[in-house]
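Student: Sharing a structure below in structure tokens format, with a few things to ask.
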Amino acid sequence: MSVRGLAGRNIVLGVSGSIAAYKAADVASRLVQAGATVDTVMTPSAIRFVAPLTFQSLTHRPVVTDLFDPRSELSIDHVALARRADAVLIAPATADLLSRMAHGLADDPVTATVLATAAPVIVCPAMESHMYRHPATQENLERLVQRGVRVVEPAAGRLASGQHGIGRLADPGLIIGTVRQVLGRNGDLSGRRVVVTAGGTREAIDPVRYITNRSSGKMGHALAEAARDRGAAVVLVTAAPVGPETAAGIDVRPVSSALEMMAEVQAAVERADALIMAAAVADYRPAAFSSHKVKKTQDQWELRMVRNPDILASVRTTAVKVGFAAETQDLRENALAKLKAKGLHMIVANDVTAPGSGFESDTNQVTIIDRSGRVEELPSLPKMDVAHEILDRLVTLLP
Ligand code: PMT
């Protein structure tokens, strides 16, 4: 059974006393919506910023605020949550909490859980810029990193003090994506390098116009996330905008045109175990790029187009190659012809005329065909599930 994100995972969410504590409620909510069981533990100062009831309501679990509260599980067994955790996430982590963690203190429910757990620990610092940059804080962070703690760096921007600088709690999507990556680090793609392409390339006509297609990047981004969640080191070459949850732990290479995508793919596949091309690459580009905006002086405008190179067919690599085939007719025949012509190990045939399938939708209905001629028709599934189905088959093809 492959690792699939957060579903069924036990996450201990440690909250310390920063104004960013209110943002931890959003993190808790997203973890729960993704299927995780979330136990919240709070420091005494955290409960001055946000009521424990907020977390209790979002997670449907009791919140621990006091190691000696007779109603708390921790008063009977102070390491119960630490033992059960698949990951301990500290968001926000104040300078004070980082210091106490670095020195191995265990005098509140958060530090006691961190000290007692064998699960991976992820900290998300949030504090005023000077506190964050202070050598004491940086030394504490360095010490924690050396012990294997994963740090989600704070963002720069407006701080509660009114100043601008580094210290804002990282984007909740980035936090969740990092938790997913950490949970999947020993998955069945651990140690593998996977290159994924996504989105529809843009072929520029002039500085304000381009030709593109309807690809949103959802299918390719789901593949990149799923591969990351199963332990792979992922390079995502994409022509679509990337959200923070997708980007977490992924080497994102934004591109625009087919030629740019080709150059990035060629550079990335040299050390890759697999290349999965879900991108809708434009087959043609304008023969010439006008450096000035083309004026509407004529009634008609004929645009000459030239062929783009076929990236999948021409890329030099020993990686396992997986292609997609977006088809509107003769699905299997056309997909099989592409598998042979492009020297692929597997092709994912996509009937882009079926409702809820193909471009832009959140679901996809595909038929997977491999080199041996095996054909598997899958039902309509969320794109993340389709991604895992593809990866389930890819792992069997890796040497
Ligand atoms: O992005 P979404 O909105 O989620 O939509 C997903 C999708 C429909 C784009 C995706 O599921 C899909 O089918 N992607 C392939 C689209 C496509 O361009 O198919 P094709 O049959 O034209 O190309 C066949 C394969 O060759 C593809 O893997 C393509 O990436 C690759 N190709 C195509 C042209 C080219 N010049 N170079 C290539 O490498």
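Student: Note down all Cβ pairs under 7 Å where the first residue falls in region 154-165 and is farther than 16 Å from Ala93 by Cβ, the second is not in a strand (DSSP E or B), and they're at least six residues apart or on different chains.
Tutor: Ser161/Glu128; Gln163/Ser129; Gly165/Ser129; Gly165/Leu159
Student: While we're on this one: Go through region 1-37 and report how many residues are closer than 17 Å to Thr54 by Cβ and out of contact with any helix residue (DSSP H, G or I) (no Cβ under 9 Å at 6 or more places or on another chain).
Tutor: 1
Student: From Leu339, Leu344, which residue is within 12 Å of the ligand (Cβ to nearest atom), assigned to a loop (DSSP other than H, G, I, E, B) and crowded, with 17+ Cβ neighbours inside 10 Å?
Tutor: Only one candidate passes the filter, namely Leu344.
Student: Please give the strands (runs of 3 or more DSSP E) falling wholly within region 248-334 in which 3 or more residues are surrounded by 12 or more Cβ atoms within 10 Å (Cβ to Cβ) and within 12 Å of the ligand (Cβ to nearest atom).
Tutor: Fully inside region 248-334 and qualifying: 274-277, 320-327.
Student: Does region 87-95 contain at least one residue that is out of contact with any Ser or Thr (no Cβ under 7 Å at 6 or more places or on another chain) and farther than 22 Å from Pro244 by Cβ?
Tutor: no
Student: Can you tell which of Leu336, Leu331 is among the hydrophobic types (A, V, I, L, M, F, W, C), in contact with a strand residue (DSSP E or B) (Cβ under 8 Å, 6 or more places away or on another chain) and modelled with pLDDT under 95?
Tutor: Leu331
Student: Would you confirm, using the coordinates I've provided, whether Val194 is in contact (Cβ under 8 Å) with a residue 24 or more places away in the chain, touching a strand residue (DSSP E or B) at 6+ places or on another chain (Cβ under 6 Å), within 26 Å of Arg285 (Cβ to Cβ) and surrounded by 24 or more Cβ atoms within 10 Å (Cβ to Cβ)?
Tutor: Answer is no for this residue.
Student: Scan region 372-386 residue by residue and report those that are outside any strand (DSSP E or B) and within 25 Å of Glu225 (Cα to Cα).
Tutor: Leu378, Pro379, Ser380, Lys383, Met384, Asp385, Val386, listed by residue number.
Student: Also, quick follow-up: What pairs come out if I take residues in region 254-273 that are within 13 Å of Leu312 (Cα to Cα) and pair them with residues that are in a helix (DSSP H, G or I) whose C-beta lies under 8 Å away, six or more apart or interchain?
Tutor: Ala258/Ile311; Met261/Ile311; Met262/Ile311; Met262/Ser314; Val265/Ile311
Student: Looking only at helices (runs of 4 or more DSSP H) that fall completely inside region 1-90, which ones have 3 or more residues that are farther than 23 Å from Met384 by Cβ and touching a residue at least 60 places away in the same chain (Cβ under 8 Å)?
Tutor: In region 1-90, 21-33, 80-84 are the helices (runs of 4 or more DSSP H) which contain 3 or more residues that are farther than 23 Å from Met384 by Cβ and touching a residue at least 60 places away in the same chain (Cβ under 8 Å).
For (1) assigned by TED's automatic domain parsing to the domain that holds Thr318; (2) buried (at least 20 other Cβ atoms within 10 Å of the Cβ); (3) of a type in the set (D, E, K, R); (4) touching a helix residue (DSSP H, G or I) at 6+ places or on another chain (Cβ under 8 Å), each residue gets a yes or a no:
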| residue | (1), (2), (3), (4) |
| --- | --- |
| Asp188 | no, no, yes, yes |
| Ala198 | yes, yes, no, yes |
| Pro207 | yes, no, no, no |
| Gly217 | yes, yes, no, no |
| Ala224 | yes, yes, no, yes |
| Asp229 | yes, yes, yes, yes |
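Student: Is region 239-250 home to any residue that is touching a residue at least 12 places away in the same chain (Cβ under 8 Å) and at positive phi?
Tutor: So far as region 239-250 goes, yes, one or more of its residues are touching a residue at least 12 places away in the same chain (Cβ under 8 Å) and at positive phi.
The values are calculated or read from the model by the stated rules, or taken from the named source; none is laboratory data. Computed from a predicted structure; not experimentally measured. No Cβ is skipped: glycine too gets one built from the backbone with ideal geometry, and neighbour counts run over all protein chains shown.
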